[in-house]
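First the structure, which I've put down as C-alpha cells, then a few questions once you've had a look.
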C-alpha cells in the first residue's frame, strides 16, 4: 500500500474457516449463480461483450489470490456485483453484529500508520484526515490509497471497543463521485457489510458517524439531510379542510397492517375529501399488496401494466420450491409459485413469461378525491416505482419531487446462501418488457411531473399544488 505498511504480526495466522473457505471458490460460486440466474446478465453481455466481461472478471479473480483475500472477499464479490449496476443484485449478511468469531478476528491484517502520515492527515480537508466516532470509542485515519480494492481506507488509531486493535481496517471503498464511496464497513463482529459512505458538511464529517478531529458537533440534525431523516412507516393527518395526507415510508410486509388500518379508519373521509397527498419519500419498495388499495383512489381510465419474463435457472427453481414450504403463503402466492415452477421445468428456452402485458380496466373512477398528489424522491424504488408507473397514467395524479432511484427493470428478487461465507446472494429473476419498448427506468428513475426545490418543505409545496384552482 502507498501509505500503509503491513505489519509482520499475524501474517501466518489463518483460522480454520479461511483454510476451508477460499475466496476464489466463493467468487466462482457467486459468479456462476449470477451468470445463470440474474435476469440482467444477458443484457450486460450484449452491451459489454463476452471479452469485456471476461477481462473484468479475470482482474477480480486475481484479487482472490491475495494473501488477505479471505478478509477482503466480500469487498471483491461486491465489486463484481457492482459491474451490473443493479440495486437488485447484492448480498446480505447472514449474521448479527454480536456474533463473534475470535479465530477470524485475530487473523485480520494490521496496518501501521506513521507519525508523519498522521501529521499530514491532520491538515487535510478532503476525504483524508483524522476522524472520531460520535461516542468517542474509536479514532481512525482515513488515507488515500488507490488500489484495485479501494481508493480510500480507514485505519483504527485508537479504540476502547472490545477486540478492535490499532491498525485494523474499519472501512474501505472506491469513489462513485467526489462525495460518495461504495465499499464495505467492518461492523462490531469485524465481518464486512456492504456500505456507502458520504463526505458531507464541508468535509467535516463522513456519513453520520465520523467527525473530523478539531471540529465539534454535539447534535446531528438528520432532518437537514434527506438520506438519514427519520420517517414513520405511516403518518396520516388532515392538512386542511380539503386535503388529507398519508405518509408511507415502506411497502414492506410490516407496513401492510398499518396501511390497511389507516385506509379503513379514514374510508369515509377519503371518499369525500377533494385532495389526497401520498408522501412516498424514502420508500424503497416492498410488496405490491401494500399499494394496491390506493389504485381505486387514483384510477380515472384504463392503464397499461407492462409484463415481464423470468430467466429459467436451477437456483430459481430451487428457491421457488423452498418458498412453497412456507405455511404463511396465501393461496394466490401458492398458485403463482406452482405455476411458475411448472413453466420453468417445461421451458424449451432460457425465458418464460411470468407476467403478461395487460390493460387494467377493472376499476371504476371515484368522484373523490379529485386530485392526488404523490411526493417521490431519489430513495423511491422497486415496488414503489411500480405503483408510480401505474398512478402516473391517471388524469387526477400529479407526481412531485425528484427522479426516483430507478430500480425496477430487473426485479422479483430471490435469495441463495453463499457456499461457505456467512452471506446471502440477492438477485433479480425477471426482466421487464419495458426494456424492449425503450422505456426502461433502471439507474434513470421516474421523473416527476413537477420538480420541487430542495430548500423548501415538500409537504407545503404539495399542499399548494393540491389546493390551487
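Between residue 202 and residue 176, with labels modelled 7 Å along Cα→Cβ, what's the label distance in nm to one decimal, could you check?
2.6
Of the listed peptides 64-77, 35-48, what is their order by residue-averaged count of other C-beta atoms within 10 Å, with the highest listed first? Display every interim value, and only then the final one.
Details: 64-77: 20.1, 35-48: 17.7.
Per-residue mean Cβ counts within 10 Å order the peptides as 64-77, 35-48.
At 0.36 nm per residue, and after removing the present C-alpha to C-alpha distance, how many nm does the segment from residue 317 to residue 269 gain when stretched out fully?
Details: separation 48, 0.36 × 48 = 17.28 nm, distance 4.55 nm.
Full extension of this stretch gives 12.7 nm more.
Between residue 261 and residue 58, what's the calculated FRET efficiency when r is the beta-carbon distance and R0 is 41 Å? Round to 0.05. Could the numbers behind the result be given before it?
On the way: r = 54 Å, r/R0 = 1.32.
Computed FRET efficiency for residue 261 and residue 58 comes out at 0.15.
Another question about this same structure. Return the whole-Å distance between the Cα centroid of the range 124-138 and the Cα centroid of the range 440-467.
If you average the Cα positions of each part, the centres end up 35 Å apart.
May I pose another question? Between helix 69-82 and the chain, what is the angle of the helix's C-alpha long axis to the longest principal axis, kept within 0 to 90° and rounded to the nearest 10?
Here the helix axis deviates by roughly 30 degrees.
Which value at 222 nm does the chain reach when only helices count, each DSSP H run of 4 or more adding -39,500 (n - 2.57), with the total divided by all residues and rounded to the nearest 500 deg cm²/dmol?
Numbers: 15 runs with 134 residues, N = 469.
-8000 deg cm²/dmol, from helical runs alone.
What FRET efficiency would be calculated for the residue pair residue 96, residue 469, taking the C-beta separation as r and a Förster radius of 41 Å, to the nearest 0.05? Spell out each step's value before the answer.
Details: r = 55 Å, r/R0 = 1.33.
It comes to 0.15.
Right, next: Which order do the peptides 358-366, 393-401 come out in when sorted by mean C-beta neighbours inside 10 angstrom, highest first?
On the way: 358-366: 11.2, 393-401: 18.9.
Going from most to least packed, we get 393-401, 358-366.
Cα centroids of the range 350-378 and the range 52-121: how far apart, whole angstrom?
Taking the Cα centre of each part, the range 350-378 and the range 52-121 sit 41 Å apart.
Diagonalise the Cα gyration tensor of the range 5-215 and give the resulting equivalent ellipsoid semi-axes, square root of 5 times each eigenvalue, largest first, whole Å. Working shown, then result.
Values: eigenvalues 179, 92, 48 Å².
Semi-axes, largest first: 30, 21, 15 Å.
Tell me, in nm to one decimal, what length is gained between residue 242 and residue 119 on full extension, where the rule is 0.36 nm per residue of separation less the Cα-Cα distance?
Going from the current span to full extension adds 38.1 nm.
What does the highest-first list of 435-442, 329-336, 269-276 look like by mean Cβ count within 10 Å?
On the way: 435-442: 15.2, 329-336: 11.6, 269-276: 17.4.
Descending packing order for the listed peptides: 269-276, 435-442, 329-336.
While we're looking at this one, here's another question. Restricting things to Cα coordinates, could you compute the convex hull volume per residue of the chain in Å³? Provide the component values of the computation, followed by the final result.
Details: hull volume 79.1 nm³, N = 469.
Per residue, the Cα convex hull of the chain comes to 169 Å³.
Compute the helix-to-body angle for 331-345: its Cα long axis versus the longest principal axis of the chain, expressed 0 to 90° and rounded to tens.
Orientation of helix 331-345: about 60 degrees from the principal axis.
Report, for the chain, the % of DSSP beta bridges that are antiparallel, rounded to 5.
Of all bridge pairs located within the chain, approximately 80 percent are antiparallel.
To continue, here is another question. Please determine, in degrees from 0 to 90 and to the nearest 10, the orientation of helix 314-323 with respect to the longest principal axis defined by the Cα atoms of the chain, where the helix direction is its Cα long axis.
60
Calculated FRET efficiency, residue 439 and residue 51, Cβ-Cβ r, R0 30 Å, to nearest 0.05? Mind showing how you got there, number by number?
Working: r = 30 Å, r/R0 = 0.99.
FRET efficiency, residue 439 to residue 51: 0.50.
Every number here is computed from the coordinates shown, using simple stated rules; none is lab data. What you see is a predicted model; the values in this text were computed from it and never measured. Quick reminder, even Gly has a Cβ in these numbers, built from the backbone with ideal geometry, and neighbours come from all protein chains shown.
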